[in-house]
Amino acid sequence: MGFEEAARDVAGRYRSRPAHYYVRSKLKIDPVSRALHVLAEREPFGSVVDVACGRGQVGLLLRASNLATSLIGFDWDAGKVANANDAAGGLDDVRFEQGDVREVVVPAADTVLLIDILHYLTREEQDDLLMRCARAARKRVIVRDVDPDQGASSMLTHGWEWVTTTLGYNRGARVSPRSFAEITALLEGEDLHVSREPCSAKAMSNVLLVARRV
Ligand SMILES: C[S@@+](CC[C@H](N)C(=O)[O-])C[C@H]1O[C@@H](n2cnc3c(N)ncnc32)[C@H](O)[C@@H]1O
């Protein structure tokens, strides 16, 4: 299934109106889902773990397109997890669970996704989570996050995250974006080969990092 068709299918799965409109616009505006779809068409993701999956639309897009063979997602927001499980109806080998990323055992999988979660954690928590994900990933770890080293657009992205967290739209303890050079060094230390590319809506400063097992 191509990206556009998969995005329509996935948005149509959310029966709660707010979740449906959120997912529909998120899949349209944020380039990360399309970027992952393109990447998985080149190198299918196999079994996928989506860490801090939110409403689950990224993993569901991959699973509905048969670019992931199975999907486990977790997030500490019970409402989002309920939306995700509801939307997963009819898809095999998909489950979403409530859990705190600072404590859960990351299950072994071919691909581990960390999309827009690291900056909610302290440096120590980020290091710990990255290590656990690197060790759980048989083939790749994929990180998308704010790049703090891009001047004005970093400040804009950082500010937007602060607004969504403060308003309670995203439950997160803090906003502390981490240098991608440091994330790269940590993952390379776990025998992963890292590449990075920009992955942002206009004027923002997000980066997509792919760390592959060598
Ligand atoms: C910006 S959203 C990204 C959600 C999803 N990855 C996506 O791409 O749509 C960040 C998510 O992290 C979750 N989160 C923040 N801190 C968490 C923690 N300690 N444990 C589990 N989930 C957490 C929030 O509930 C929220 O769903």
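What the table shows:
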read-out: Contour excess over end-to-end distance, with Cα ends at residue 135 and residue 5 and 0.36 nm allotted per residue; value: 43.4 nm
read-out: Projected label distance in nm at residue 25 and residue 91, using a 7 Å step from Cα toward the beta-carbon; value: 2.2
read-out: Gyration tensor (alpha-carbon) shape descriptor, the range 1-104, a/c threshold 1.5; value: oblate
read-out: Karplus (6.51, -1.76, 1.60) ³J(HN,Hα), θ = phi - 60°, over the range 89-100, in Hz, Gly and Pro reported as x; value: x, x, 9, 6, 6, 10, 8, 10, 10, 7, x, 8
read-out: Simple Cβ-charge dipole of the chain, Lys/Arg +1 and Asp/Glu -1, about Cα centre, in debye nearest 20; value: 580
read-out: Rounded to 5, the percent of DSSP beta bridges in the range 3-213 classed as antiparallel; value: 40
read-out: Label-to-label distance, nm, for residues given as residue 66 and residue 193 (7 Å Cα→Cβ offset); value: 2.9
read-out: 15 Å reach of a label modelled at residue 15, 7 Å along Cα-to-Cβ, counting backbone N of the range 49-87; value: 82-87
read-out: Placed amide H near residue 70: partners under 5 Å, 5+ positions off or other chain; value: 47, 48
read-out: Within a Gaussian network of the chain (alpha carbon springs, distance under 10 Å), most fluctuating of 25, 70, 176; value: 25
read-out: Estimated FRET transfer efficiency (residue 213, residue 179; beta-carbon r; R0 25 Å; 0.05); value: 0.60
read-out: Binned Cα-Cα distance frequencies in the chain - 10 Å width, integer %; value: 9, 37, 41, 14, 0
read-out: Whichever aspartates and glutamates have a C-alpha closer than 16 Å to that of residue 80, once near sequence neighbours (fewer than 8 apart) are set aside; value: 50, 97, 100, 116
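Coordinate-derived values only; no laboratory data. The shown structure was predicted, so the numbers you read here are calculated from the model rather than taken from an experiment. As a convention, Cβ positions derive from the backbone with ideal geometry for all residues, glycine included, and neighbour counts pool all protein chains shown.
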